[in-house]
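**Q** After the structure tokens below, expect a handful of questions from me.
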Amino acid sequence: MFELVKYLEAKGGSLPPFFGGLYEEITARNGTFRRVKRLEFEVLLRRGDLISARASSSCFLDTLTPYFRWKLPKVPAEALRCILFMFRKLAPLEVLLYLTFERGEWEVVFPSQIQTEHSVSPVGSPFLTGQNGAVIEIHSHHEMPAQFSRVDDEDETGCRIYSVLGTIFTRPTLRTRVGAFNSTFWEIPSDWVFDLPTGISDALSENSYLK
Ligand SMILES: [Zn+2]
């Protein structure tokens, strides 16, 4: 039987190799973590504190440090410039794009979608090629801030990079997070994945991440 989710405890100084299903839920001394791995990236993100019943026995467990390992070249600045141009052209409608890495090159894909000024969603089945579909999904918030909405949280249930580009006419700003299935996220600096062109800033600076 194929195991989709594995539950384990952080012990012995290092984690075992990823088990090959969807994700792992890991209990560590310093909280609960989730690990996912696909061809393009691997992430260990912290989900929260231990529930009190586990806290007393957790002193025997290892402490984990979250990590994100990106295995592709960064998305070139020119691609983001083109995306911003398209988002501006189609404003005030929201726009959804996929970025895929095929045969050594980044491709921007415009899927069939239902667009309004406050939402955008793909039509039909999710974009599926490769291991878990497009590795990056980016959408426009046109003049609104680059903040993920509650609807975004509900929609973005996959294992991929999710980005939102906001305030596109005044101060184009990109916010990026890793999705690790069922709306479990970790916001990361956009330049871990993108080469940011001049004129597009990151909503989450390295400094704020490190605090
Ligand atoms: Zn949104």
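**Q** Given the condition surrounded by fewer than 17 Cβ atoms within 10 Å (Cβ to Cβ), modelled with pLDDT under 90, near the ligand (Cβ under 9 Å from one of its atoms) and over 15 Å from the mean Cα position of the chain (by Cα), answer yes or no: does some residue in the stretch 130-139 qualify?
**A** no
**Q** Sticking with this structure for a sec: Can you name every residue in the stretch 83-100 that is away from the ligand (no atom under 14 Å from the Cβ), of a type outside the set (Val, Ile, Thr) and within 15 Å of GLY166 (Cα to Cα)?
**A** The answer is LEU84, PHE85, MET86, ARG88, LYS89, LEU90.
**Q** Taking the conditions exactly as written (modelled with pLDDT of 85 or more, away from the ligand (no atom under 16 Å from the Cβ) and either not in a strand (DSSP E or B) or not assigned by TED's automatic domain parsing to the domain that holds ALA203 (or both)), does ALA146 satisfy them or not?
**A** Here the answer is no, as ALA146 does not meet what is asked.
**Q** Checking ALA28 against (1) buried (at least 19 other Cβ atoms within 10 Å of the Cβ); (2) in contact with a Pro (Cβ under 6 Å, 6 or more places away or on another chain), which single condition isn't satisfied?
**A** (2)
**Q** Going through the stretch 161-195 one residue at a time, which ones are more than 15 Å from the ligand (Cβ to nearest atom), within 21 Å of LYS71 (Cβ to Cβ) and not in a helix (DSSP H, G or I)?
**A** VAL178, ALA180, PHE181, THR184, TRP186, ILE188, PRO189, VAL193, PHE194, ASP195
The values are calculated or read from the model by the stated rules, or taken from the named source; none is laboratory data. Not measured: the values here are computed from a predicted model. Glycine gets a Cβ as well: all are built from the backbone with ideal geometry, and neighbour counts include every protein chain shown.
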